[in-house]
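The values are calculated or read from the model by the stated rules, or taken from the named source; none is laboratory data. Only a predicted model underlies this, so the values are computations on that prediction, with no experimental measurement involved. Cβ placement follows ideal geometry from the backbone for every residue including glycine, while neighbour counts extend to all protein chains displayed. For the accessible areas, the whole protein counts, side chains as well, though only heavy atoms, and no ligand, DNA or RNA atoms are used. Shrake-Rupley method; radii C 1.70, N 1.55, O 1.52, S 1.80 Å.
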Amino acid sequence: MQTVKMYTTAVCPYCIRAKQILKSKGVEQIEEIRIDTNPEARQRMMEITGRRTVPQIFIGETHVGGHDELLALDGRGELVPLLGAA
Ligand SMILES: N[C@@H](CCC(=O)N[C@@H](CS)C(=O)NCC(=O)O)C(=O)O
């Protein structure tokens, strides 16, 4: 299974929901990077994603986007294959 990395903040309902979706697909470990306590991480997130909101989710090297994009990916049947990609 691919590694999953998520930029988050402490208070973030979309982050919680995104984690639930990923866990429901068998993801046991999510590397969380807190941007509310780490200004450098916030800056880096904005640079590499062009986004300001959390979550920002990476599956392997692929930037999925936020919660809504994760949900859409699953709706298209592409989330599980991406998680399982070598
Ligand atoms: N449509 C976005 C919504 C994300 C969102 O609104 N996240 C909130 C935290 S739960 C946020 O980052 N708010 C700060 C802001 O809008 O600048 C998604 O699906 O991820």
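Things worth noting here:
- Ligands, DNA and RNA left out, the 1.4 Å accessible surface of the chain is 48% carbon and sulfur atoms.
- Sequence-distant contacts, meaning Cα pairs under 8 Å at least 6 residues apart, place the relative contact order of the chain at 39 percent.
- Note on the chain: antiparallel DSSP beta bridges, both residues inside, total approximately 65 percent of the bridges counted.
- Site-free segments of the chain were taken between trypsin sites (Lys or Arg not before Pro) in DSSP loops having at most 16 other Cβ atoms within 10 Å, sites themselves excluded; the longest one is 26-50.
- Sum of side-chain charges, Gly75 neighbourhood, beta-carbon under 11 Å (Lys, Arg +1; Asp, Glu -1): -3
- For the chain, excluding the exposed loop sites themselves (GluC sites (Glu not before Pro), DSSP loop, at most 15 other Cβ atoms within 10 Å), the longest remaining stretch covers 29-60.
- Bridging of Lys19 to aspartates and glutamates at a Cα separation below 19 Å is possible for Glu28, Glu31, Glu32, Asp36, Glu61, Asp68, Glu69, Asp74, Glu78, once same-chain residues fewer than 8 apart are set aside.
- Over the C-alpha trace of the stretch 4-84, radius of gyration and Dmax come out as 11.9, 35 angstrom.
- Extending 7 Å from Cα along the Cβ direction at Leu71 and again at Thr3 yields two label points whose distance is 2.9 nm.
- Solvent exposure of the chain as accessible area per residue, Å², 1.4 Å probe: 61 Å²
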